[in-house]
Amino acid sequence: MDNIREEVKELQIGMKIRNLRQERRMTLQDLADKTSLSKPLLSQIENNQVIPPLATLLRIAKAFEVNLSCFFEDERDDSKCILIRAGEQHGRQLRADHDHAGQSYTYNSRAYGKTHHHMEPFDVQFFAREWSDELLVRHDGEEFLYLLEGQLEFHHGDQVMILNPGDSVYYDSTEPHGYSVRSEIQPRAIAVLYSKN
């Protein structure tokens, strides 16, 4: 857990959220009202005590009217092309869970260091082995997921699909959606999120 906290500190997501909030002269309560997230949870995120899942980050980004990518950018680097070699992305790994109670997936940014981009590519590993409606999330934008290995049960609105290696889904993320594991092998996927902001 200490290693995870160090990785989060390196990304400085909590500090970026606090800075954006203070630049806009918003209180934690103001941000809670705009995101429908609790004030204690937002405080924990700002202090790097909780690692927010992507859906939570998208809600915060929308409240600030910024792209999700701003939380993964290194403003000191304005490279037009970013190469991430095999294995290097794991240095940027964040673990996330629904309601921060049990780990349901990990995600690694595949665009870390690229400023001002409109898509957010990740590689993802899934851990939730039993389906629960609590795994459902919704947020603005669209998502694409390509399953590399393992098997997933994917829920989107009223649809339930089984995904096998090589399968992909492209979907409207404003509909409730979520994944659970259906195989002994740990499912891994490439996901791309796009939000118009």
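The values are calculated or read from the model by the stated rules, or taken from the named source; none is laboratory data. What you are looking at is a predicted structure, and each value in this text was computed from that prediction instead of being measured. Counting neighbours? That spans all protein chains shown, and the Cβs are built from the backbone with ideal geometry, glycine included.
Restricting to strands (runs of 3 or more DSSP E) lying wholly in segment 55-137: which have 2 or more residues that are at pLDDT below 75?
93-98, 102-109
Within segment 39-65, residues that are at negative phi have Cβ atoms under 6 Å from residues that are modelled with pLDDT of 90 or more and among the small types (Gly, Ala, Ser) in these pairs: LYS39/ALA32; LEU42/ALA32, counting only partners at least 6 apart in sequence or on another chain. Taken together, the residues in segment 161-176 that are at pLDDT 95 or above, surrounded by 15 or more Cβ atoms within 10 Å (Cβ to Cβ) and either in a strand (DSSP E or B) or of a type in the set (S, T, N, Q) (or both) amount to 3. Checked against (1) assigned to a helix (DSSP H, G or I); (2) surrounded by fewer than 16 Cβ atoms within 10 Å (Cβ to Cβ), LEU41 meets all criteria but (2).
Please specify each residue of segment 155-179 satisfying the condition of being within 16 Å of ALA55 (Cα to Cα) and of a type in the set (Ser, Thr, Tyr). The answer is TYR171, SER173, THR174, TYR179.
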